[in-house]
Amino acid sequence: MATTTPTAGDTRAVNDGGKPGAGGSVTAGRTATAAEHAARIEHVSKSFTGPAGQQLVLDDITLDVAPGEFVTLLGASGCGKSTLLNLVAGLDRPSTGTITTDGRPALMFQEHALFPWLSAGKNIELALRLRGVPKSERRDKAQELLRLVRLEGAHGKRVHELSGGMRQRVALARALAQDSRLLLMDEPFAALDAITRDVLHDELTRIWRETQVSVLFVTHNVREAVRLAERVVLLSSRPGRIARQWTVGIPQPRRIEDADVAELSVEITEELRGEIRRHGQH
């Protein structure tokens with residue numbers, strides 16, 4: 001039976017009347033547990049109903065993200081990485097288990113998801129408005145966030161005037177506008193070219209260190225995972241389980257071509273290949 005963790009904040013998904021088997025829970029708020037963890041995932045499983053019946057996608061996931069920690073979730077396509085991120089975001093609820101976050105997380109998608117009829121600055125101001133920031137303060141705060149992502153002067157630019165990398169910077173600024181303690185990122189740089197992606201790796205690392213926000217970052221790129229994270233978590237497939245974790249002791253700033261990054265990436269890649277072979281994926 002799943003239990004709901006009581007919090008002082010908002011509950012984004014709860015059990016159906018507390019009945020056994022009614023499903024897991026996702027809660028956001030300040031608690032003693034959440035003060036020690038930006039996110040706590042406890043014995044979380046997730047099933048979906050398909051043509052062949054119930055399909056178990058995630059199985060008994062237990063994972064903590066410490067305040068200010070940068071964690072990457074790595075695994076083959078279809079292993080449940082994005083599903084787990086959506087559960088933490090509160091977009092869905094676990095079939096069993098509990099997820100507690102220190103406040104409501106901010107979510108950044110693979111696509112920028114900016115509103116094309118709004119300027120870069122107005123996209124950020126919308127997030128500020130939804131957060132309850134007074135209208136008189138929104139423009140200055142949006143300008144501040146644009147400076148943080150090194151897009152000073154872009155407030156009035158429309159989405160179609162921005163490059164792919166610039167759009168992702170605006171999307172990052174909009175996520176940061178939510179003033180969350182936990183930033184969830186679902187392969188945000190996957191569609192970018194290698195040079196732009198490398199630049200944004202540098203920018204994200206700088207912003208993470210400046211803001212001390214906790215980051216849970218989904219990727220299928222091993223080098224990206226090692227380049228960015230303090231800890232890499234490898235998920236197996238069918239169903240997704242935590243196969244192995246690595247603490248990345250390589251000092252920041254790192255480069256994706258650094259020898260230490262390459263060496264650890266080779267080790268993780270071999271483990272990932274083993275998981276793919278074990279589950280018969282191609």
Scan of the range 95-136 for residues that are under 30 Å from Gln55 (Cα atoms), in a loop (DSSP other than H, G, I, E, B) and small (Gly, Ala, Ser), ordered by number: Ser95, Ala113
Checklist (1) assigned to a helix (DSSP H, G or I); (2) buried (at least 16 other Cβ atoms within 10 Å of the Cβ) applied to Asp140, failing item: (2)
The range 233-250 - residue that is among the small types (Gly, Ala, Ser) and assigned to a strand (DSSP E or B) and, of those, farthest from the chain's Cα centre (by Cα): Ala243
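Hey, among the residues in the range 34-65 that are surrounded by fewer than 18 Cβ atoms within 10 Å (Cβ to Cβ) and of a type in the set (A, V, I, L, M, F, W, C), which one's farthest from Thr96 (Cα to Cα)? Working first, answer last.
First pass over the range 34-65, keeping only residues surrounded by fewer than 18 Cβ atoms within 10 Å (Cβ to Cβ): 35-36, 43, 47-56, 60, 62, 64.
Applying the additional criterion that residues be of a type in the set (A, V, I, L, M, F, W, C) yields 35, 48, 52, 56.
Details: Ala35: 23, Phe48: 12, Ala52: 21, Leu56: 11 Å.
Looking at the filtered set, the residue picked out is Ala35.
For residues that are more than 19 Å from Gly164 (Cα to Cα) and at pLDDT below 95, scanning just the range 176-204, find the one that is surrounded by the most Cβ atoms within 10 Å (Cβ to Cβ).
Selected residue: Ala177.
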Identity of the residue in the range 66-113, among the hydrophobic types (A, V, I, L, M, F, W, C) and surrounded by fewer than 19 Cβ atoms within 10 Å (Cβ to Cβ), that ends up nearest to Lys46 (Cα to Cα): Leu91
Any hit, the range 123-133, residues being within 15 Å of Leu183 (Cβ to Cβ), polar (S, T, N, Q), buried (at least 22 other Cβ atoms within 10 Å of the Cβ) and in contact (Cβ under 8 Å) with a residue 40 or more places away in the chain: no
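The values are calculated or read from the model by the stated rules, or taken from the named source; none is laboratory data. As the structure is a computational prediction, the values presented were derived from the model and not from experiment. With ideal geometry, Cβ positions are generated from the backbone for all residues, glycine too; neighbour counts draw on all protein chains shown.
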